[in-house]
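Undergrad: Have a look at this one before I ask anything.
FYI, it's all coordinate maths here, none of it is from the lab. These numbers were taken from a predicted model, which means no experiment stands behind them. Cβ placement follows ideal geometry from the backbone for every residue including glycine, while neighbour counts extend to all protein chains displayed.
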Amino acid sequence: MSVSKGRQSPPPEQLWKSWDRKARKQGCHATIYSSDGSQYKGDWQNDKRHGKGVYLWKSTGDFYEGDFANGTRTGFGTLTVKSSDGKLQRQYAGGWKNDKKHGYGNLFFSDNEHYEGEFYADKRNGWGRMFYADGSTYEGQWLDDKRHGTGMLRLANDNRYEGEWHADKKHGQGKFYYVTRGQLMEGLWVDDICKAGEMKDFGRDQAIIPTPYPIPDLSLANPDQVLTDAKTTFTETDG
């Protein structure tokens, strides 16, 4: 005589698996608090911050609002910081990648000093324009947070340098226009100093404080060769 076996029901799910499944964050959530008291409100994917959201640091009061990807600030976003007197001030607005400034953005150092341009891995890299507190501006190339490459520095009195830079200093071929007195220095610069160059009159008629007398013509037999030899000497010394 055969005995029929009935279908057996599956064993009950262990409680820890059920709790883990319910704890996983997916989609849009209300405020989620971390162990240190910081909080996040926004989109989630696969248990990570992903999409649009706002993250507030408990320890500082700073907050970020913008894009997230796989748990990091990636995309476009704004970082606002709290000063010692409790005031909130926007510090950076622009591109991010893996929690670092990356791409094009605006970085504010103070109310009257800021940078707009390209970033790479949290540093000014590429093309950018810097507005300084003393009224001067720099527009040109950057590398590792320093002026490097080709660029123009315009001072508050409109005098300006146009040329090459290295590690935040005038270095290489360049021209310094003394607009206020109507003169131009053109030559080779090393560590912010013109080592070999020629001073010329430039717009003396329109200068604010022109020199009393025009610069006379060079009396050297071969001035170009003298400048060439000087440039070679300083270039070799510079290594």
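Undergrad: Modelled label-to-label distance, Asp205 and Cys28, 7 Å Cα→beta-carbon offset: nm?
TA: 6.7 nm
Undergrad: Please work out how much length the chain gains when fully extended from Lys58 to Tyr120, using 0.36 nm per residue of separation minus the C-alpha to C-alpha distance, in nm with one decimal.
TA: Here the answer is 19.6 nm.
Undergrad: Taking 7 Å along the Cα-to-C-beta vector as the label spot, tell me the Ser35-Asp191 distance in nanometres, rounded to one decimal.
TA: Once both label points are built, they end up 5.1 nm from each other.
Undergrad: Pairs of alpha-carbon atoms within less than 8 angstrom and 6+ residues apart define the contacts here; what relative contact order does region 23-98 have, in percent?
TA: Computed value for region 23-98: 19 percent relative contact order.
Undergrad: Additional query: Under a point spin-label approximation (7 Å from Cα along Cα-to-Cβ), what is the Thr180-Tyr132 distance to one decimal in nm?
TA: About 1.4 nm separates the two model spin labels.
Undergrad: Still on this structure, I have one more. Quick one: if you take sqrt(5λ) for each eigenvalue of the C-alpha gyration tensor of region 23-98, what semi-axes come out, biggest first, whole angstrom?
TA: Gyration-tensor ellipsoid for region 23-98: 22, 16, 8 Å.
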